[in-house]
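Trainee: Please see the structure below; I have some questions.
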Amino acid sequence: MSYIIRKMTLDDLEQVIAIDQASFGLPWPVRSFQFELTDNPASRCWVTEVDGRVIAMLVAWFIVDEIHVATLATHPEFRGQGAGRKLLLHVLRSAKEEGAVKSFLEVRESNIVAINMYRSFGFVEDGRRADYYKDNGEDAILMSLASLSR
């Protein structure tokens with residue numbers, strides 16, 4: 001499968017929102033994605049596309065020398081095929097080129113697939129945010145990648 005990784009545009013929002021809603025119990029409101037694309041200078045928004053269809057999305061914030069992965073999801077039909085992994089790798093490399101030296105994120109404690117993917121990149125667990133997810137009171141695992149030298 002031939003992936004195209006590119007910056008997200010407003011034209012992608014319908015597909016991005018569909019992926020977000022299919023992936024998370026607390027999806028972002030449309031206005032949040034619009035804000036990230038148009039008004040947040042720290043925001044880095046990316047998509048993976050196959051045959052003109054958005055199949056994965058990632059929003060990250062570049063703050064000083066860190067890249068914070070805010071959300072990452074792959075369309076359910078394309079999970080397990082490497083689209084999310086390739087997108088994350090692209091974003092981490094891009095952030096490194098911009099001057100980021102480390103990365104961090106939060107992930108649901110039950111999202112073992114994501115946790116294992118992050119660990120494979122070298123992310124380590126730094127702590128927890130108790131009752132972080134308001135839909136079910138689940139904890140968030142805080143993870144960081146101390147060096148973007150990959």
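Trainee: What shape does the chain have by the C-alpha gyration tensor, where a ≥ b ≥ c are the square roots of the eigenvalues, rounded means a/c under 1.5, and otherwise prolate means a/b greater than b/c and oblate the rest? Walk me through the numbers on the way to the answer.
Mentor: Values: a/c = 1.30, a/b = 1.12, b/c = 1.16.
Rounded, since a/c falls under 1.5.
Trainee: Grab the DSSP H runs of the chain that are 4 residues or longer, score each as -39,500 (n - 2.57), total them, divide by all residues and round the 222 nm result to the nearest 500 deg cm²/dmol.
Mentor: On the way: 4 runs with 46 residues, N = 150.
Helices in the chain give a 222 nm mean residue ellipticity of -9500 deg cm²/dmol.
Trainee: Let me ask something additional. State the extension gain, in nm to one decimal, for the chain segment bounded by residue 119 and residue 21, taking 0.36 nm per residue of separation less the distance between their alpha-carbons. Working shown, then result.
Mentor: Details: separation 98, 0.36 × 98 = 35.28 nm, distance 2.50 nm.
Additional length available on full extension: 32.8 nm.
Trainee: From the Cα gyration tensor of the stretch 4-52, with a ≥ b ≥ c the square roots of its eigenvalues, which class applies: rounded if a/c is under 1.5, or else prolate if a/b is larger than b/c, or else oblate? Intermediate values should be presented prior to the final figure.
Mentor: Values: a/c = 1.89, a/b = 1.04, b/c = 1.82.
In terms of gyration-tensor shape, oblate.
Trainee: Net charge around residue 33, counting only other residues with Cβ within less than 14 Å of its Cβ (Lys, Arg = +1; Asp, Glu = -1)? Working shown, then result.
Mentor: Numbers: positive: 7, 31, 44; negative: 11, 12, 14, 20, 36, 39.
Taking every other residue near residue 33 into account, the sum is -3.
Trainee: Roughly speaking, what is the centre-to-centre gap between the stretch 1-79 and the stretch 85-135 when only Cα atoms are used, to the nearest Å?
Mentor: Taking the Cα centre of each part, the stretch 1-79 and the stretch 85-135 sit 15 Å apart.
Trainee: By how many nm would the segment from residue 110 to residue 93 lengthen if fully extended, with 0.36 nm per residue of separation less the alpha-carbon distance?
Mentor: Extending this stretch completely gives an extra 3.4 nm.
No lab work stands behind these numbers, since they all come straight from the coordinates. What you see is a predicted model, and the numbers here were worked out from it, not measured in a lab. Every residue, glycine among them, receives a Cβ derived from its backbone with ideal geometry; neighbour counts consider all protein chains shown.
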